[in-house]
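Heads up, the thing below is written out as structure tokens.
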Amino acid sequence: MKIMRLVVATTIASLGFASAAVAQDTDMGEAVAIELNAMTHNEGSCTLTFMVTNGHASQIEKVVYETVLFDSAGQVERLTLFDFGTLPPGRPRVRQFSIPGIACDEISQVLINGARTCEAPDLADTACEAGLILQTRTSIGVIG
């Protein structure tokens with residue numbers, strides 16, 4: 001019985017340590033994190049799915065990023081605007097953008113060129129760009 005209690009106590013302690021480590025890993029500080037989470041090829045277009053999280057203490061009312069898509073040869077395919085809308089603090093949001101006239105496997109990289117619009121009255125003017133965290137779970141690279 002004592003061994004069973006020790007195992008349970010050790011397991012609980014380990015889980016507590018693991019959740020603290022996960023919380024530390026996901027603590028992004030005061031920045032916006034954008035992850036290209038998925039891509040879906042549709043007839044004549046590519047849909048890019050992003051997960052975006054506002055790490056600031058206050059809401060971002062509206063953010064629009066100027067975005068550059070590069071083709072498989074590494075050349076600029078197009079310049080476009082992705083409107084991520086309202087981002088509440090600390091809550092992930094999923095946004096999808098359909099890009100007509102291109103297949104997903106023809107896009108090699110996405111460049112977040114900067115914030116065209118950043119409406120965040122309670123935050124610094126640079127809140128949407130400073131410390132921007134970019135990641136991908138796809139074969140398409142994301143840079144900024």
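The values are calculated or read from the model by the stated rules, or taken from the named source; none is laboratory data. Everything quoted here is computed from the prediction, not taken from an experiment. Glycine also receives a Cβ, built like all others from the backbone with ideal geometry; neighbour counts cover every protein chain displayed.
Which of the numbered conditions does D122 fail, given that it passes all the others? Conditions: (1) in contact (Cβ under 8 Å) with a residue 60 or more places away in the chain; (2) within 18 Å of E35 (Cα to Cα).
(2)
Inside the range 58-92, can you point out the residues that are closer than 15 Å to G144 by Cβ and charged (D, E, K, R)?
E66
Go through the range 29-44 and count every residue that is within 20 Å of G101 (Cα to Cα) and either part of a loop (DSSP other than H, G, I, E, B) or under 8 Å from the mean Cα position of the chain (by Cα) (or both).
Of all residues in the range 29-44, those within 20 Å of G101 (Cα to Cα) come to 36, 38-44.
When the remaining residues are screened for being either part of a loop (DSSP other than H, G, I, E, B) or under 8 Å from the mean Cα position of the chain (by Cα) (or both), the result is 36, 43-44.
So the answer is 3.
Any residue in the range 25-43 that is within 18 Å of T67 (Cβ to Cβ) and among the hydroxyl-bearing types (S, T, Y) sitting within a Cβ distance under 9 Å of a residue that is modelled with pLDDT of 95 or more and crowded, with 18+ Cβ neighbours inside 10 Å? List the pairs, counting only those 6 or more apart or interchain.
T40/C46; T40/L48; T40/C104
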